[in-house]
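> Structure in structure tokens, see below.
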Amino acid sequence: MSAYLISMATYVGFFMILAIALNLQWGMTGMVNFGIAGFYALGAYSSGLLTVKAGWPVGFAMPAAAVVGIAAGALVALLSIRLREDFLAIVTLGFGELIRLIALNEDEITEGPRGLKIDARPFADMFDRTTYPIVYLAMVLAVVALAFFIAERIRRSPMGRSLRAIREDDVVAEVLGKNVLRHRVQVFAIGAGFMGAAGALYAHYVQNISPEVFMPMVAIFIWMSVIVGGAGNNWGLLLGAGIVMAILEGSRFMGDFIDFLDAEKLSAIRVILIGVLLIIILRVRPRGLMPEPRFRYGRSPGGGSSTADAQS
Amino acid sequence: MNMQLFVNGIVNAALIAPPAIAFSLLFGVMRFPNFAIGGYITAGAFAAYAFNVQLGLPLLASAVAAMALTGFIVWLSDIIVFKPMRGHGPVTLLVVSIALTLILEHIIRIIYSAEVRGFDIPLQRPVKFAGIRITYEQMDIIALALAVAVATHLLLRFTNIGKAMRATADNPVLAEVRGINTGLVIGFTWLFCGALFGLTGVLAGLDLVIEPLLGWNLTIPIFAAAILGGIGSPYGAMLGAVMVGMAEELTVLVLPSSYKVGVGFMIIAVLLLARPHGLLGQPEIRK
């Protein structure tokens with residue numbers, strides 16, 4: 001049972017990294033990304049292929065996955081920077097599907113639907129089999145903490161204020177002399193880098209990745225995490241990711257009580273439940289359970305330790 | 001061989017055109033891209049399957065019944081889900097519509113499981129002439145797509161409700177001020193577009209197979225067609241459907257056919273880069 005809890009916590013960690021990344025892109029800057037699964041897959045396959053096919057050590061392959069994510073994010077952002085936010089949704093969704101198609105069809109490289117087996121695990125020889133899952137969880141949580149720290153630093157910095165300005169009205173931000181293009185590309189790339197890192201962590205954790213994991217559905221779970229928590233608030237999404245995982249995993253046990261549901265129906269019910277909850281939350285609490293604090297104006301510049309700042 | 005690809009492209013275009021028109025009309029009036037179209041189309045295919053195979057109705061009657069039922073489901077989805085959220089931003093509505101498409105797809109999964117199905121129709125030998133193969137179903141698809149295009153044109157051009165739809169899409173406040181019952185127009189638009197999505201489900205079920213992912217697999221080409229033509233412009237959507245449909249088939253010459261969905265995405269990406277408002281769309285004036 002404790003092994004189960006540790007594995008669940010690890011998965012919540014992956015969700016949290018993805019949610020932090022989406023919050024940077026959408027919650028803070030207003031850039032819609034429905035291709036989360038694509039960046040996640042890109043990171044997973046980059047790290048996996050670099051270790052399996054190119055023989056890189058894990059310690060280099062995993063950071064390389066983040067770099068691949070950053071590069072892909074910058075590319076997608078540059079490509080679609082002139083788009084309205086709802087068109088960006090379509091382009092990112094298409095990007096995610098394209099990555100999945102490549103993973104599925106280029107099976108000489110990616111092993112396609114058979115799945116890519118990855119033996120390499122970081123620090124695997126330093127710990128025995130029973131303690132290793134805890135070590136891996138600690139590693140995932142360290143990356144969560146790092147991503148959270150970076151996201152919070154960005155949010156509190158002058159750049160964070162520019163990002164919120166872009167989110168609220170990019171024309172006004174541009175008129176005020178902010179470099180909207182540069183900020184958008186930077187933030188999208190950083191977020192995509194986090195997603196790539198999450199993918200690498202996932203790949204070396206499960207040790208067998210196949211394209212069907214990276215369905216567009218992943219994006220909905222992460223959107224749900226950010227929306228439930230409250231877009232723009234990094235603390236909220238940690239709560240949101242936990243809630244989403246609790247629903248996904250908790251409904252697994254429904255099968256024990258309702259015996260006419262087989263595994264297939266149960267997983268369908270799980271998705272319906274997530275969908276219905278998402279709609280209800282958007283209707284009744286559009287700003288989430290932990291709404292982003294209203295930004296206060298007229299504070300003296302440099303008063304960094306005021307109470308408003310500590311909360312925001 | 002290349003003529004065969006050309007014919008396949010036409011069939012493909014005919015399959016994409018009606019939903020692209022409906023998607024575009026819906027966007028024009030509602031102002032957000034409705035990702036639930038995948039769920040609507042799948043619902044249409046399974047509704048027709050229920051009438052045709054489970055109740056034993058002839059295919060034509062099943063198709064009409066499925067269009068009516070899908071129209072009703074789509075209208076109902078507005079009443080239950082979207083209507084209470086008018087005034088929310090396009091991104092919120094977009095997330096809601098994705099949630100809705102997942103809900104619809106998985107309700108169908110619960111009822112019918114992921115099994116692949118087909119309509120109860122006699123197998124007919126495809127027609128061959130000059131080395132080109134085309135099935136009777138494919139000819140029906142082309143004929144119906146043309147009929148939909150003409151009917152939409154007549155509706156928008158010559159009927160009061162069609163003119164009201166165009167007025168509401170153009171400027172809802174002005175339309176309201178001029179005495180147009182925009183609530184009625186919106187309701188009719190959902191119903192009409194829903195019937196087209198239902199028809200698409202039937203046609204896609206004829207040409208491909210009926211399965212829960214049927215609509216989702218068509219979603220990106222439909223978006224591509226609607227955006228290519230200029231979103232909100234139904235005539236553009238027809239043109240876009242022809243171009244996307246042909247492009248998807250003709251790229252088989254250079255790319256493996258498994259990348260068809262990717263072609264739609266590449267078209268969107270390249271086109272939006274060059275002309276963000278599409279081929280026939282008007283550039284949007286901001287503020």
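The values are calculated or read from the model by the stated rules, or taken from the named source; none is laboratory data. If you're wondering where the values come from, they're calculated on a predicted model, not measured in any experiment. Reconstructed Cβ throughout: ideal geometry from the backbone, glycine too, with neighbour counts over all protein chains shown.
> Report, by residue number, each residue of the stretch A:48-85 that is touching a Phe, Trp or Tyr at 6+ places or on another chain (Cβ under 6 Å) and within 10 Å of another protein chain (Cβ to nearest Cβ).
Result: A:Val76, single match.
> Inspect the stretch B:204-216 for any residue being among the acidic types (Asp, Glu) and either within 14 Å of another protein chain (Cβ to nearest Cβ) or closer than 20 Å to B:Leu272 by Cβ (or both) and give the result as yes or no.
yes
> May I pose another question? Testing B:Ala68 on (1) over 19 Å from B:Pro212 (Cα atoms); (2) in a helix (DSSP H, G or I); (3) within 14 Å of chain A (Cβ to nearest Cβ); (4) out of contact with any Pro (no Cβ under 8 Å at 6 or more places or on another chain), one condition comes back false. Which one is that?
Failing condition for B:Ala68: (3).
> Still on this model: Considering B:Leu203, B:Leu218, B:Leu196, which residue is under 20 Å from B:Glu137 (Cβ atoms) and in contact with a Leu (Cβ under 7 Å, 6 or more places away or on another chain)?
B:Leu203
> B:Ile103 passes all but one of (1) within 14 Å of chain A (Cβ to nearest Cβ); (2) hydrophobic (A, V, I, L, M, F, W, C); (3) in contact with a strand residue (DSSP E or B) (Cβ under 6 Å, 6 or more places away or on another chain); which number fails?
Here B:Ile103 meets the rest and fails (3).
> Here are A:Leu98, A:Leu88, A:Leu79, A:Leu24: which of them is aliphatic (A, V, I, L, M), crowded, with 18+ Cβ neighbours inside 10 Å and over 25 Å from A:Gly236 (Cα atoms)?
Testing whether each residue is aliphatic (A, V, I, L, M), crowded, with 18+ Cβ neighbours inside 10 Å and over 25 Å from A:Gly236 (Cα atoms) leaves just A:Leu98.
> Look through B:Ala43, B:Ala63 and report the one residue that is over 19 Å from B:Gly187 (Cβ atoms), in a helix (DSSP H, G or I) and touching a residue at least 60 places away in the same chain (Cβ under 8 Å).
B:Ala63
> Based on this model, can you work out whether B:Ile110 counts as over 20 Å from the mean Cα position of the chain (by Cα), over 25 Å from A:Met215 (Cα atoms) and in a helix (DSSP H, G or I)?
No, not satisfied.
> Which of (1) away from chain A (no Cβ under 13 Å); (2) within 29 Å of A:Asp86 (Cα to Cα) does B:Val53 not meet, given it meets every other one?
(2)
> Here is a check on your reading of the model: is B:Gly87 outside any helix (DSSP H, G or I), within 14 Å of another protein chain (Cβ to nearest Cβ) and more than 29 Å from B:Phe46 (Cα to Cα)?
yes
> Please give the number of the condition B:Gln4 fails out of (1) part of a helix (DSSP H, G or I); (2) farther than 18 Å from B:Cys193 by Cα; (3) at pLDDT below 90; (4) within 14 Å of another protein chain (Cβ to nearest Cβ).
So B:Gln4 meets the others, but not (4).
> Six or more apart or on different chains, Cβ under 6 Å: which pairs go from a residue in the stretch A:149-174 that's within 14 Å of chain B (Cβ to nearest Cβ) to one that's surrounded by 14 or more Cβ atoms within 10 Å (Cβ to Cβ) and in a helix (DSSP H, G or I)? Could you list them?
Partner pairs satisfying both residue conditions: A:Asp170/A:Val180; A:Ala173/A:Ala165; A:Ala173/A:Ile166; A:Ala173/A:Val180; A:Glu174/A:Val180.
> Any residue at all in the stretch A:247-255 that is in a helix (DSSP H, G or I), buried (at least 19 other Cβ atoms within 10 Å of the Cβ) and either away from every other protein chain (no Cβ under 14 Å) or at positive phi (or both)?
No, the stretch A:247-255 contains no residue that is in a helix (DSSP H, G or I), buried (at least 19 other Cβ atoms within 10 Å of the Cβ) and either away from every other protein chain (no Cβ under 14 Å) or at positive phi (or both).
> From the set of residues in the stretch A:152-182 that are of a type in the set (A, V, I, L, M) and within 18 Å of A:Arg294 (Cα to Cα), which is surrounded by the most Cβ atoms within 10 Å (Cβ to Cβ)?
A:Leu163
> Let me ask you something else. Looking only at the stretch A:86-110, which residues are more than 7 Å from chain B (Cβ to nearest Cβ) and free of Cβ contacts under 8 Å to residues at least 40 places away in the same chain?
Those that are more than 7 Å from chain B (Cβ to nearest Cβ) and free of Cβ contacts under 8 Å to residues at least 40 places away in the same chain: A:Ile102, A:Glu106, A:Asp107, A:Glu108.
> Looking at the structure I just gave you, is A:Gly230 within 14 Å of chain B (Cβ to nearest Cβ), in contact (Cβ under 8 Å) with a residue 12 or more places away in the chain and either crowded, with 20+ Cβ neighbours inside 10 Å or at negative phi (or both)?
yes
> Further, regarding this structure: Residue by residue through the stretch B:27-41, note down the ones that are more than 11 Å from chain A (Cβ to nearest Cβ) and over 11 Å from the mean Cα position of the chain (by Cα).
Those that are more than 11 Å from chain A (Cβ to nearest Cβ) and over 11 Å from the mean Cα position of the chain (by Cα): B:Gly28, B:Val29, B:Met30.
> Only one of these is within 14 Å of chain B (Cβ to nearest Cβ), in a helix (DSSP H, G or I) and in contact with a Ser or Thr (Cβ under 8 Å, 6 or more places away or on another chain): A:Ile274, A:Ile222, A:Ile269. Name it.
When all the criteria are applied, what remains is A:Ile269.
> Among (1) within 11 Å of another protein chain (Cβ to nearest Cβ); (2) among the charged types (D, E, K, R); (3) closer than 21 Å to B:Leu206 by Cβ, where does B:Arg117 come up short?
Here B:Arg117 clears every test but (1).
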